[in-house]
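**Q** Dropping a structure here in structure tokens format, bear with me for questions.
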Amino acid sequence: MQQDRLTIKSQEAVQKAQRLAEEYRHSEITPEHLALALVEQEEGVVRPLLSRLGVRPEQFAARVKDVLGRRPTVEGAAVELHAGLQRQRDHSA
């Protein structure tokens, strides 16, 4: 991913998603990490958007945290994070 092509807010969200993955001791950054980072973002667009859709941002964040809390964790100091956000390529051709 070319982070220099993202907006400042998007870059901040990706960095926060990485920190969340580390805090939860996950081996990859998933869409759920990014969703939580976006909903927790101060002055971001996600919280007002969720509210307009009738979704309480706090409730959404709590459900995402629950999902993340149930994911397997990894141990050890040398754990390297990778993004689970990339599409799988079909190599069967």
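**Q** May I ask you to compute the full-extension gain from LEU81 to LEU53, defined as 0.36 nm times their residue separation minus their alpha-carbon distance, rounded to one decimal in nm? All intermediate terms of the calculation are to be shown ahead of the outcome.
**A** Numbers: separation 28, 0.36 × 28 = 10.08 nm, distance 3.29 nm.
6.8 nm is the gain from fully extending LEU81 to LEU53.
**Q** Let me ask something additional. In the stretch 24-38, which residues have a backbone nitrogen under 19 Å from the label point lying 7 Å from ARG63's Cα in the Cα-to-Cβ direction?
**A** Hits in the stretch 24-38 for ARG63 at 19 Å: 30-38.
Each reported figure results from applying straightforward, stated rules to the coordinates on display, with no laboratory input. In this text the structure is predicted, and so the values were computed from the model without any measurement. Don't worry about glycine lacking a Cβ; one is built from the backbone with ideal geometry, like all the others, and counts go over all protein chains shown.
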